[in-house]
Every structure is written in structure tokens, then in C-alpha cells.
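Scroll down for the structure; my scribbles are underneath it.
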Amino acid sequence: MCKIKEMTILSLIFLALVAHDSLLAEAKIMAKCDAVKELQKAGVQKTFFSNWICLMKMESGMNTSLLTGPKTASSYSHGIFQINSRKWCSRGHTGGKCNKRCEDFLNDDIQDDIVCAVKIFETEGWKSWDGWVKKCKQCPANLPDVNCKSRRSSSLESLFESDEEQI
Ligand SMILES: [Ca+2]
């Protein structure tokens, strides 16, 4: 009897953990300091960090899996930088000016997203992003503090993740 009860409790705990994990997986909201780390890793100039973070917040709410559209020319915008399929990537196969599958801009690894976003920036400037123009350029108060000194991010996710981040 006790064994069975234990098993049931264990399975419930297991199910709760799985459910919790999938909830986190669905949300995919990147914490600010995790995004800062990603920018550092990609070698982006530090002077621009607050603009990049503001842009990500305003374009996608830091949601790495956000897909919006269709917009003009039935284009879709992808991921944390809302990279558009009209010019920069192709849906279903590699292509566009970044030579990438748009779907690659919907996952949790944003290194490739950053490479493409930097290319967009170098080609068209910040003005390529409406969200940046309206909410970062015109409201500099929205530019966040990007000094992430603490080793641990304060994000909810970090409570559930192992310490793989410190390299
Ligand atoms: Ca990606």
C-alpha cells in the first residue's frame, strides 16, 4: 500500500515538474541580463547594449519564440528581434539577406538572431525597427540599465536551471 502511495506521489511530482517545464518552454521570455550576456558573447559593442535591449523589449517583449504577421507582402516577423521574412530570412529554407531559415529565429539560441540583427542594423540602422523608433529613440527613459553585475540573473528561469551559464 505504502509503496503504491509513494509511487503515486512521485508520479504527481514528476508530472508537476514536466508541466512546469513545458510552461517555461512556452513562455521563452529572456531575462534582461541573460540577453546582455548573449550580446557580450556575440561581440556586440557595449555602447549599444541598452539600445539593443530596449529594442528587444519593445519589439517582442523579450519573447524568443514570438511569431507575428502576416504583414505587408504576407511577410512574418520572427523572434526576439522580430526579423522579417520579406528581406532577411526565408520561411522553410535558408535565404534572405541573412541567408537563414526564419524558423531559426524562433528558438532559444539567439546568437544567430544577433548576427542577423547586427546585419540589419549595419544595413538600415535602428530605424529598421518601428518599436525602437517609437519607444526607444523617442523615449530615452526606456533605455535600460545594462550593468548586470550579479553573477546570477534574477529571472524566474534561473531558479530552475543549472549553473551552465558561467564560462
Ligand atoms: Ca536562433
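Where a number appears in this text, it was derived from the coordinates with a stated rule and is not lab data. Because the structure is predicted, anything quoted here is derived from the model rather than measured. Backbone-built Cβ (ideal geometry, glycine too); neighbour counts: all protein chains shown.
List every residue whose amide H lies under 5 Å from the amide H of Gly95, counting only residues 5 or more places away in sequence or on a different chain, with H placed 1.01 Å from N in the peptide plane.
Correct list: Ser90, Lys100, Arg101.
How far apart, in nm, are the 7 Å Cα→Cβ label points at Lys46 and Asp109?
2.7
When the distances between all Cα atoms of segment 28-166 are binned every 10 Å from zero, what whole-number percent does each bin get?
12, 43, 33, 11, 0
Along the Cα→Cβ direction, 7 angstrom out, place labels at Ser90 and Lys127. What is the inter-label distance in nm?
Modelled inter-label distance: 3.0 nm.
Based on the mean of other Cβ atoms within 10 Å per residue, sort peptides 136-143, 115-122 so the most packed one is first.
The packing order, highest mean first, is 115-122, 136-143.
In percent, how large is the relative contact order of segment 28-166, given Cα pairs closer than 8 Å and 6 or more residues apart?
For segment 28-166, the relative contact order is 24 percent.
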